[in-house]
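Working notes, structure below.
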Amino acid sequence: MPEILIQNADTILTMDDEARVLQGADLLIRDGVVAAVGQGLQTTGDVVSGRGCVVTPGLVNTHHHLYQNLTRAVPGAQDALLFGWLQRLYPIWGRFGPDEMFVSAQLGLVELALSGCTLSSDHLYLYPNGSRLEDTIHAAAEVGLRFQPTRGAMSIGESDGGLPPDALVEQEEAILKDMIRVVDAFHDPAEGSMCRVGLAPCSPFSVSRELMRDTALLARDKGVMLHTHLAENEEDIAYSEAQFGCRPGQYAEDLGWTGDDVWHAHCVKLNVTEIDLFARTRTGVSHCPCSNCRLGSGIAPVRQMRDAGVPVGLGVDGSASNDSANLIGEARQTMLLQRVANGADAMSGYEALEIATRGGADILGRPDCGRLSAGKRADIAVWDTTGVASSGSWDPAALLLSGPTQVKHLFVEGRQIVRSGEITTLDLPKLLQRHGTLAQNLMQG
Ligand SMILES: [Zn+2]
């Protein structure tokens, strides 16, 4: 691949260890990594103008259910609480197959890419009609995003007192067997990896204690990461106390679900003891502010978590509970919600952007991503600050106060997958048509 020089950017927010902010600077990409960042760099390769632009590391999405892009704004689920919302959607998801999984994942990843995301996790916890985790892995490979899919699972159906219909749950033995299969087939632990697989039972209320424990043992054996939903709302806490006789933090700790190889989605209701536990054990939190607002779950104590030393990243969560997935929008929402909870000086736009980049990379175990310095992966977002959204701004680098919500250019592993606001890796009108047709079919039952 020829070198690419992003030349003369107005500002580069490196998010590196020195938190360097460079003005009028260049960034050189070589062989998928950042070769240099600084002034006056030269190349014999391609040049992309950075004039009028702010350059940041690509944003990192740490929680999503890509398949849900086919069930956005479903009537009957639009205004429901979490459990009622799930019960409305389960029967629709039960009609999905491999095609739905693939096309929905592509659409979701394109949406993320346009909003600055270069690395996304995904949590796929139901496998109806022959669907498999690799449906989404193949989708991500075509779009060109760095991907960390997780093999999710549900095993407690309605007849065992669970929430999902029996047809959507799997036997625990089969789940563990498929977890081994997908890790062996698709997990690449190397630095610069484009695909790392994690293990992710859906939530403490949809699988047994035994599966939580066995999954943690398997993940440690295979050297892969663990992910689930935790402490999302008051119902969730009440369920944990009634069923397990303890709060979610204790439940996680007892079953091996703490450590720097674990990240939990939501954690809206963590108390002081649990925040301390997560900080001590370096357990990660995926903060999903729009989803938490959308479902009325509350405001996660992100300020308190960060002050205590809990690693925090951002997630858009599934489209059915957001119902949009603009990752830089989530960063803005993070900043706003912490201000609602703690005052206007509680979180700067810069800090929220740091959480959205290196924060997310760190909780996914990717210190090779999320910052721009020599040797790090060339995952880069270029934001045009000459447009309507930034006009009149005295500080265009303050992207979360007034800035574009879509990228101008996006690079993943040095490959340009968005150019002048257009996705380069696939035919978007064709994808939209295919996605629309599948959604229509689902609406008609
Ligand atoms: Zn979720």
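The values are calculated or read from the model by the stated rules, or taken from the named source; none is laboratory data. This is a predicted model, so every value here is computed, not measured. Positions of Cβ are backbone-derived with ideal geometry, glycine not excepted, and every protein chain shown enters the neighbour counts. We work out accessible area using only protein heavy atoms, side chains counted, and drop any ligands, DNA or RNA first. Shrake-Rupley method; radii C 1.70, N 1.55, O 1.52, S 1.80 Å.
Please compute the contact order of the stretch 219-288 in relative form: average sequence separation of alpha-carbon pairs under 8 Å and at least six residues apart, divided by the residue count, as a percent.
Relative contact order comes out at 36 percent.
Under a point-charge model restricted to the Cβ atoms of Lys and Arg (+1) and Asp and Glu (-1), what is the dipole moment magnitude of the stretch 164-292 relative to its Cα centre, in debye to the nearest 20?
280 debye
Relative to the longest principal axis of the C-alpha atoms of the chain, give the angle of the C-alpha long axis of helix 133-143, reported between 0 and 90° and rounded to the nearest 10°.
Relative to the chain, helix 133-143 is tipped by roughly 10 degrees.
For the pair ALA174 and VAL21, how long in nm is the line joining their label points, each one 7 Å along Cα→Cβ?
It works out to 5.4 nm between the two label points.
Please list 3J(HN,Hα) in residue order for the stretch 197-203, calculated via the Karplus relation 6.51 cos²θ - 1.76 cosθ + 1.60 where θ = phi - 60°; whole Hz, with x for glycine and proline.
9, x, 10, 7, x, 4, 5
What spacing in nm lies between the two simple spin-label points modelled at ASP254 and LEU426, each 7 Å away from Cα in the Cβ direction?
Modelled inter-label distance: 4.3 nm.
Once amide H atoms are built 1.01 Å from N in the peptide plane, which residues 5 or more positions from ALA265, or in another chain, come under 5 Å H to H?
Correct list: THR228, HIS229, LEU230, SER286.
With a/c under 1.5 counting as rounded, go ahead and sort the stretch 88-143 into rounded, prolate or oblate using the C-alpha gyration tensor (a ≥ b ≥ c being the square roots of the eigenvalues; past the cut-off, prolate if a/b is larger than b/c, else oblate). Please list the in-between numbers first.
Values: a/c = 2.34, a/b = 1.74, b/c = 1.35.
Cα axes put the stretch 88-143 in the prolate bin.
Leaving out ligands and nucleic acids, and using a 1.4 Å probe, what accessible area per residue does the stretch 315-376 come to in Å²?
27 Å²
List the lysines whose alpha-carbon lies under 25 Å from that of LYS177, not counting same-chain residues fewer than 8 positions away?
Hits, sequence-local ones excluded: LYS222.
Set the Förster radius R0 to 22 Å, insert the Cβ-Cβ distance between ALA141 and THR405 as r into 1/(1 + (r/R0)^6), and round the FRET efficiency to 0.05.
About 0.25, to the nearest 0.05.
Mind listing the long-range amide H neighbours of CYS53? Cut-off is under 5 Å, sequence gap 5 or more, other chains count too, H placed in the peptide plane at 1.01 Å from N.
Excluding prolines and chain starts, which carry no amide H, the hits are ASP10, THR11, THR385.
Which whole-Hz ³J(HN,Hα) couplings does the stretch 393-404 yield from phi under the Karplus relation 6.51 cos²θ - 1.76 cosθ + 1.60, θ = phi - 60°, glycine and proline marked x?
So the Karplus estimates, Gly and Pro as x, are 6, 7, 9, x, 6, 7, 4, 7, 8, 8, x, x Hz.
Between LEU314 and residues 5 or more places away or on another chain, which pairs have amide H atoms under 5 Å apart, with H built 1.01 Å from N, and which residues are they?
THR62, HIS287, GLY360
Test of understanding: in a Gaussian network model of the chain with alpha carbons linked when under 10 Å, which of TRP394, TRP263, TRP383 would top the mean-square fluctuation ranking?
Top of the fluctuation ranking is TRP394.
If you plug each phi of the stretch 6-12 into the Karplus form 6.51 cos²θ - 1.76 cosθ + 1.60 with θ = phi - 60°, what whole-Hz ³J(HN,Hα) values come out, in order, with x for Gly and Pro?
Listing the rounded values in order: 8, 10, 6, 5, 4, 9, 10 Hz.
Hey, got the dipole for the chain? About the Cα centre, +1 on K and R Cβ, -1 on D and E Cβ, debye to the nearest 20?
The calculation lands at about 660 debye.
Multiply the residue separation of GLU210 and ASP166 by 0.36 nm, subtract the distance between their alpha-carbon atoms, and state the gained length in nm to one decimal.
Difference between extended and current length: 14.0 nm.
Cα to Cα, under 28 Å, and not fewer than 8 places away if on the same chain: which lysines meet these conditions relative to LYS430?
Of all the lysines, those that pass the test against LYS430 - Cα under 28 Å, at least 8 places apart if same chain - are LYS408.
Measuring from label point to label point, each 7 Å out along Cα→Cβ, what is the LEU218 to ALA346 span in nm?
So the two model labels end up 3.9 nm from each other.
Take ILE29, ILE299 and sort them by solvent-accessible surface of the protein heavy atoms, 1.4 Å probe, largest at the top.
Values: ILE29 5, ILE299 65 Å².
Highest to lowest solvent-accessible surface, that is ILE299, ILE29.
Where the accessible area of the chain is counted over protein heavy atoms with a 1.4 Å probe, how much of it, in %, is carbon and sulfur?
Of all accessible area on the chain, carbon and sulfur atoms account for 50 percent.
Give me the dipole magnitude in Debye, nearest 20, for the stretch 302-445 about the Cα centre, with unit charges on the beta carbon: positive for Lys and Arg, negative for Asp and Glu.
Once rounded to the nearest 20, the dipole reads 240 debye.
Which percent of Cα-Cα pairs in the chain sits in each 10 Å bin, short to long?
In order of increasing distance, the bins hold 5, 23, 33, 26, 11, 2, 0 percent.
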